[in-house]
1. Along the Cα-to-C-beta direction of residue 77, a point sits 7 Å from the Cα; which residues of the stretch 8-30 have their amide N less than 16 Å from that point?
2. Between helix 161-174 and the chain, what is the angle of the helix's C-alpha long axis to the longest principal axis, kept within 0 to 90° and rounded to the nearest 10?
3. Taking Cα atoms, how many degrees apart are the long axis of helix 91-100 and the longest axis of the chain, rounded to 10 and kept between 0 and 90?
4. Pick out, in residue order, every one of the trypsin sites (Lys or Arg not before Pro) in the stretch 3-84 that is DSSP loop and has at most 10 other C-beta atoms within 10 Å; say none if there are none.
5. Can you list residues whose amide H is under 5 Å from residue 35's amide H, if they're 5+ apart or on another chain and H is modeled 1.01 Å from N?
6. To test your reading of the geometry: what angle, between 0 and 90 degrees and rounded to tens, separates the Cα axis of helix 132-147 from the longest principal axis of the chain?
7. Could you give the alpha-carbon Rg of the chain over 2.2 N^0.38 Å, rounded to two decimals?
8. Given the Cα-Cα distance of residue 111 and residue 90 and 0.36 nm per residue of separation, how much length would full extension add, in nm?
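Read-outs: derived from the displayed coordinates by stated rules, not from any lab. If you're wondering where the values come from, they're calculated on a predicted model, not measured in any experiment. For neighbour counting, all protein chains shown are included, and Cβ atoms are generated from backbone atoms with ideal geometry for every residue, glycine included.
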Amino acid sequence: MQTFSPDAPIFLVGFMATGKTTVGRILAARLGWQLVDLDELIVEEAGQSVPRLFEAEGEAGFRAREARALGAVSARQRLVVATGGGAACREDNLRTMLAAGRVVALAITPEEAVRRARGGAGRPLLEGQADPVARASALLAARAPFYARAHLQVDTVGRLPQDVARDVLAWLEKTP
């Protein structure tokens, strides 16, 4: 197994609504590190919301912005990075994260993702879908091989974010 500096970044990956930002906040607070939400960083730099970026630039334009932002944060230390759901599904992005630090995939079922995402804005890949569970299932199936390459997978279904963060912290303590 690859070893990392204790200060190497921690990347939280996984499907939408897995709690990456929420768990990331808890991890960052407990470690005394900074949290960077990659989507928030992109929005701040672009001056537009994620849905507007998707509308204006398409998914490809958004993903290019995401790759640049990820490259910038991957070189930093003592950082918890909450990525967008698709960030780890580009080979270059995943390789960058795996080489720079510890990658933790938060897992969810399609039904739970749709339930959690309901009513929330900024989910352009689910918005307007006649059958959002079917769409989430298809997206999750396509992304699963990427998420499976993370150093650690943690199930989030039926669990509090604090419990998920505790599992990640326990893993970090025993990982070189």
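1. Only 8-10 pass the distance filter.
2. 40 degrees
3. With both axes taken from Cα atoms, the answer is about 20 degrees.
4. Taking the stretch 3-84 and a limit of 10 other Cβ atoms within 10 Å, no loop trypsin sites (Lys or Arg not before Pro) are found.
5. Residues meeting the amide H criterion: 80.
6. 30 degrees
7. So the Cα radius of gyration is 0.98 times the expected 2.2 N^0.38 Å.
8. 5.2 nm
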